[in-house]
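Here, each number is a calculation from the coordinates, and none is a lab measurement. Quick caveat, the model's predicted, so the values are computed rather than measured. Heads up, the Cβs are rebuilt from the backbone with ideal geometry, glycines too, and the neighbour counts pull from every protein chain shown.
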Amino acid sequence: MESFRALLTASYGRHYLAQRLVVDAFGNESPTGPLIQVSTPAKQHIGAVGDRMLLEMTSADQARIIEIEPRQNILYRSDAFKSKIIASNVDQILVVLATQPAFSPDLLGRAVVAAEANQIELRILLNKCDLQDNLVHARKIVEPYARMGYPVNEVSAKFDSASLEQLRPVLAGKVSVFVGQSGMGKSSLLNAWVPNAAALTQEYSVRLDTGKHTTTACRYFELPTSWGRGDNGKLGALIDSPGFQEFGLAHMSVSELQHAFREFKPLLGQCRFHNCTHQSEPDCAVRLAVDKNEIAPERLALFKQLISDSKIADTQIQGISQAKERWSALTTKSSKR
């Protein structure tokens, strides 16, 4: 059977859609043609929107995965029991916040940690800035991240098109993924930047057969050709991820977490103890920097919370493993009787 390279462009649970990859006149690959339903081996959750893969057709509009090509990166969230892939092969995370409804500072902080851990650029979009009542408060929450060098753009998807136009140069040529809670205005931004996004979303919905659940699907949209190409000669794309309230990072170790806090890095190795966790150890360089207002106290609090989450997850995983071993031993004894 024919095999071909394709891009995974939509996912909902174990349901995937892909499009063939075609080399354009500029020598760049682009997803083209009709949507293809993709089946996975043994109904596994193995794909991520943004994956390049080798497919084999099994019917007129269905194919199976033969191979997923090595990923540049993969962005996902996790707790002790499961992980949820957000996207793969992304160049930039767009954290979408809004002045109203109130956004979660914790989710923002965790998204920043995930970006650092995966070496992915991150940009903060503060949306609905036409709503002035909560703007000062929102700016105050975002300010420590701006101070650390994360770019922040204040926009209004519905009432200030100029604020969106100025972002074209930093989106063109890059694969950017939206991250944020529901109600922050991700859909409004998407529809403003990709005029045919609503039609594509409907097509994805029909093919995925997800009905009202399509808001939990993850989808890939190429940027309009009218934008021109980035410095790399590529068009770029937006990946629309579903809104979520929590961004678990239970898969990260203490060492990984330390290196994922940008402002901690210059201080690592300066604490009295080489394995300092910046909790209550004496002569801690990180806590001293907090006292000097060089590091925001909220960031140290987040670090401590993530360490706690990681330990709780490890304990839960060990408990589940031990329970499985005990159950296995009991069933083995029962079968021998």
- request: Work out which GluC sites (Glu not before Pro) in the chain are exposed loop sites (DSSP not H, G, I, E or B, at most 16 other Cβ within 10 Å) and give the longest gap free of them.
  value: 3-245
query: What percentages, rounded to whole numbers, describe P(r) for region 1-148 computed over all alpha carbon pairs with 5 Å bin width beginning at zero?
result: 2, 8, 15, 16, 14, 13, 11, 9, 7, 3, 1, 0, 0
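Given the chain, what whole percent of its Cα pairs are spread farther than 38 Å? Intermediate values should be presented prior to the final figure.
Working: 13765 of 56616 pairs.
That tail contains 24 percent of the Cα-Cα pairs.
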- request: Please list, in chain and number order, the residues 5+ apart from I86 or on another chain whose amide H is under 5 Å from its amide H, with Hs placed from the backbone.
  value: L75, Y76, R77
field: Residue-by-residue Karplus 3J(HN,Hα) for region 2-15, coefficients 6.51, -1.76, 1.60, Hz, glycine and proline x
entry: 5, 10, 7, 8, 8, 10, 6, 10, 7, 8, 8, x, 9, 9
field: Residue-averaged [θ]222 nm for the chain, counting only DSSP H segments that reach four residues, each worth -39500 (n - 2.57)
entry: -10000 deg cm²/dmol
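Over 32 Å between Cα atoms: which of K82/K304; K140/K174; K158/K234; K82/K292; K128/K311; K140/K265 fall into that group? Walk me through the numbers before you get to the answer.
Numbers: K82/K304 22 Å; K140/K174 29 Å; K158/K234 28 Å; K82/K292 39 Å; K128/K311 38 Å; K140/K265 24 Å.
Too far apart for the 32 Å limit: K82/K292; K128/K311.
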- request: Would you mind telling me which residue in G173, G149, G109 has the biggest mean-square fluctuation in a Gaussian network model of the chain, where springs connect alpha carbons within a distance under 10 angstrom?
  value: G149
field: Shape box of region 143-277 [Cα atoms, principal axes, largest first, Å]
entry: 59, 34, 30
